[in-house]
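In what follows, a structure is listed as structure tokens, so that the remarks can point back to it.
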Amino acid sequence: MVINILNGLVYGGLLYILAVGLVLIFGLRRVVNFAHGSLFMVGGYVAFAVAAVSNFWLAMVVAIVVLAILGVILDRFVFRPLQHEDPIATVLVTFGLLLVLEDVVKTIWGKDFLSLAAPPLLSGTVSIVGETFPVYRLMVIAVAVLVAVGLSLWLRFSRIGLYVRASSVDPVTTGMQGVDTDRVSAAVVAIGAGLAGLSGTIAAPLMALSPSMGSFILIDSFIVVVVGGLGSFSGAFIAALVIGQVHNFGIVYIPWAASLIPFLLMVAVLIWRPTGLAGGRA
Amino acid sequence: MSASAYAIEGVDMTRRFGGFAALDGVSLAVPHGEIRGLIGPNGAGKSTLMDVLSGRAQTWSGRVMMDGRDISGMGAVERRRAGLARSFQRTNIFPDLTIDEQIRLAAATAERDNSDEVMAELGLADLAHRRAADVSYGDQRRLDLALALVGRPKVLLLDEPAAGLSMQESMVLAGILRDLAGRWGVTVLLVEHDMEVIFSICSRVTVLHLGKILADGTPDEIRRIPEVVTAYLGSSVE
Amino acid sequence: MTDIVAGAPARSGRSGFLAVLVVLGAAGCVLPFVVQSALILTLMTQATINAVLATGVGFLLRQNGTVSFGHAAFFGLSAYATALLVKFGFPAEVAIVMAVVLPTLFALALGVVIVRITGVAFSMLTLAVAQAFHELFLKWRELANGDDGMAIAFPARVFGLDMAIFQQPASMFLVCWVALIAVILGLWLLARSRFGTLTLAIRENEERARYIGYRTVLPRAIIYAISAAVCALGGLLFALYNGFVSPGTLHWSLSGEALIMAIIGGPRLIWGPALGGVIFFFIKNAAGDFTDHWPAVIGVIVILVTVLMPRGVGGVLVWLGRRRNGGRGE
């Protein structure tokens, strides 16, 4: 039972790290990045490639950096030029990117499942309430918590963080305050993409790498963001916790309906509160 | 015949944002057929009052009644169907529909379709088949007003209908309003910054300041009250 | 620049549109008698089914201004409903009618809830819907055979017609083409009605629509249900023609393709998505012979069309037609 809850925390943690990137990008550029799941996937594959010639830890760092760079490119060439257009345009373009990235990955690495081993340091197990639980999974939970804490501190105490929070509430006025919106956006999108890369890397030893791994988790992270309330970091945290648990219990007890449950949960929450738990804005 | 002497009445209306009371226990009653002006400096609570009366505000306390009937729980749709219409300070029209289409659409929910009359009165008849987005700002303001007027509502809440209009356009608009209100027997509550408009058509004026009523009386009485002058002058010095 | 959704739907002149529709309708009906190649007719039939699906997705975009990544759900649900109802012993006629009715009713119920969600959150929701159903039918093997799909045991005669009509390319093309024309005509009439004007008004300014006395949830939900019904019809045609259904018909990527078809063809027009569906289908078949990188090709096309040609091919055609006519207004 405890193990199930822990596993739920693991998946919730992965979702959170990914969802937070979506919230960051939405808060600043007012668009939903449909390619975010692909960034997750690319992160996993980059880590795989680097780990093949070195070790897991270096792979993780490289994946984060590479994705951050990709994020800057994405912001400069997609989000920035389209920022004054209908948000649907960005949705469609990032959707197109999703298709392209999936194909690129498939071309380079093929569409068979690949696996990335956990680092030896973390490949043991511990005993929790009498059952064994992999250390690696504990690390994943720890990383998610670190990201949450780090993000809160950063949002609260850094200048860029202040800007992000202000922009989430009133982008127009914030933009007029003389801050270089484009540079800040590039930084924030880079962070969001880097987080996607982080999530992809640490997810890799837990799930098989495949070109479609991005699509699955994308949908769940969308559910997290919508349920939590578009634009809300704390909402995403709570929603990720809940969805992680629900997803896991679903898989254990009713596997064939497992993906219906987050969907039903989302519909239920939205009936109750159309702007999500934390009441963001669309 | 009428259940109450007042066409529209708000009792003890309060709306808070955090600790700040945008509207603080305001009571207002407009008798049938009166054109009431509502003035006050920016931040006085005029828009909030309009929002509470028109069903736009979500969290407020107090009561709103139309002809004695409590409409506090009704949303905007129901209030419109009960005969309460409003226009907007920031032009709130349907850009891609033609003027004719949108006015007729608005008329369809009312008991009578006086689209032609309204379009003629407001000088929109020639533009009827133009897209709303393609006409001038002044025409769009009049369209915003027309959407509220069509169907002959019982109560009209007008939020700065002359905003952005030239002096001449404003006076023409004022004349049309006074004329229609008189003919139709509509009760009007008019928020305006343009004092010429207020003083030319309103029979009574209520002054709001910092969420409370500062004064209430005929236009002549109001313009003589020192506090009103101060409140206005004070707020215009930034 | 980009006015895919924000731009006004094209409101065409009455006689022009009807004339073109009649001509195309007639041309299509003549086609099976002129073209002998079964291969081309098969492709045309599949393209037409595609076009129906695209029309449904495009109509939602036009009238409600919302993007659905989940309309494949209604396409697939209809196909599966046909299969399951037949499997459970219902007469084929009942299965065929219910295959369109049931997903539509579901869409109405769902619509009433989710049309309250605006903007991109709505799109994300629709994605989750498609995903949920896809997973359900993939994993619940006892119900629908999972990934292996289900064959549909149609009887020899349906509605008094020989079943072969639906399974031969020449005759089925006629059926699908007529269905497509009928759908386009129906949607066009709806768009021109008072209800159509209302939904456009709600799309442009939902708040003011309420202030002039209209409830705004139900009309949008009805549009959602109608667009779902069109996709369900597509799914039914698919089931009739192929006699087989698999979870791929529910996958969100099918919705994505339908959306792309609508964008390519021009979502502001009622008939734009159908044109896009046909174009897309033929490009796909031509490209499929040349490359395995079909998804990347679609991806690039979507990006290019979104950025450079938001009116779509249909929109460009209309624009050219107007210029030739000396810029006569609508």
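Data overview
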{"read-out": "Options B:207, B:191; residue that is under 25 Å from residue B:26 (Cα atoms), under 12 Å from the mean Cα position of the chain (by Cα), in contact (Cβ under 8 Å) with a residue 12 or more places away in the chain and buried (at least 21 other Cβ atoms within 10 Å of the Cβ)", "value": "B:191"}
{"read-out": "Hits in region B:18-36 (condition: in contact with a Phe, Trp or Tyr (Cβ under 6 Å, 6 or more places away or on another chain) and small (Gly, Ala, Ser))", "value": "B:29"}
{"read-out": "Scan of region C:108-131 for residues that are among the β-branched types (Val, Ile, Thr), within 7 Å of chain A (Cβ to nearest Cβ) and farther than 13 Å from residue C:71 by Cβ, ordered by number", "value": "C:113, C:117, C:118, C:120"}
{"read-out": "In region A:71-117, residue farthest from the other protein chains (Cβ to nearest Cβ) [restricted to those that are without any contact (Cβ under 8 Å) to a residue 12 or more places away in the chain, closer than 24 Å to residue A:188 by Cα and surrounded by fewer than 19 Cβ atoms within 10 Å (Cβ to Cβ)]", "value": "A:73"}
{"read-out": "Residue match in region C:175-190 (condition: within 14 Å of chain B (Cβ to nearest Cβ), closer than 30 Å to residue B:87 by Cα and in a helix (DSSP H, G or I))", "value": "no"}
{"read-out": "Subset of region C:77-90 [surrounded by fewer than 18 Cβ atoms within 10 Å (Cβ to Cβ) and free of Cβ contacts under 8 Å to residues at least 40 places away in the same chain]", "value": "C:88, C:89, C:90"}
{"read-out": "Residue in region A:18-35 that is free of Cβ contacts under 8 Å to residues at least 60 places away in the same chain, farther than 25 Å from residue A:103 by Cβ and not hydroxyl-bearing (Ser, Thr, Tyr) present", "value": "no"}
{"read-out": "Of all residues in region B:158-168 being hydrophobic (A, V, I, L, M, F, W, C) and farther than 16 Å from residue B:40 by Cα, the one that is surrounded by the fewest Cβ atoms within 10 Å (Cβ to Cβ)", "value": "B:167"}
{"read-out": "Condition broken by residue A:2, with the remaining ones in (1) buried (at least 23 other Cβ atoms within 10 Å of the Cβ); (2) of a type outside the set (Phe, Trp, Tyr); (3) touching a strand residue (DSSP E or B) at 6+ places or on another chain (Cβ under 8 Å) satisfied", "value": "(1)"}
{"read-out": "From B:144, B:159, residue being modelled with pLDDT of 90 or more, closer than 26 Å to residue B:114 by Cβ, of a type outside the set (A, V, I, L, M, F, W, C) and touching a Pro at 6+ places or on another chain (Cβ under 8 Å)", "value": "B:144"}
{"read-out": "Residue within region B:153-161 that is farther than 17 Å from residue C:201 by Cβ and away from every other protein chain (no Cβ under 14 Å) present", "value": "yes"}
{"read-out": "Residues that are more than 12 Å from chain A (Cβ to nearest Cβ) and more than 20 Å from residue C:62 (Cα to Cα), drawn from region C:290-316", "value": "C:290"}
{"read-out": "Residue match in region C:307-323 (condition: in a helix (DSSP H, G or I) and of a type in the set (Lys, Arg))", "value": "yes"}
{"read-out": "Hey, residue A:202 out of contact with any Pro (no Cβ under 9 Å at 6 or more places or on another chain) and either touching a residue at least 40 places away in the same chain (Cβ under 8 Å) or over 20 Å from residue A:18 (Cα atoms) (or both) or not", "value": "yes"}
{"read-out": "Verdict on residue A:230 being facing another protein chain (nearest Cβ under 9 Å) and not in a helix (DSSP H, G or I)", "value": "yes"}
{"read-out": "Residue that is farthest from residue B:163 (Cα to Cα), among those in region B:116-138 that are buried (at least 17 other Cβ atoms within 10 Å of the Cβ) and within 12 Å of another protein chain (Cβ to nearest Cβ)", "value": "B:131"}
{"read-out": "Output for region C:143-168, where each listed residue is of a type in the set (Gly, Ala, Ser), touching a Phe, Trp or Tyr at 6+ places or on another chain (Cβ under 7 Å) and part of a helix (DSSP H, G or I)", "value": "C:144"}
{"read-out": "Search result, residues across region C:132-150 that are more than 13 Å from every other protein chain (Cβ to nearest Cβ) and under 23 Å from the mean Cα position of the chain (by Cα)", "value": "C:149, C:150"}
{"read-out": "Residue satisfying condition, being within 12 Å of another protein chain (Cβ to nearest Cβ), in a helix (DSSP H, G or I) and over 24 Å from residue B:54 (Cα atoms), within set B:100, B:144", "value": "B:100"}
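The values are calculated or read from the model by the stated rules, or taken from the named source; none is laboratory data. Note that the structure is a prediction, hence the values are computed from the model and not measured. We place every Cβ from the backbone using ideal geometry, glycine too, and count neighbours over all the protein chains shown.
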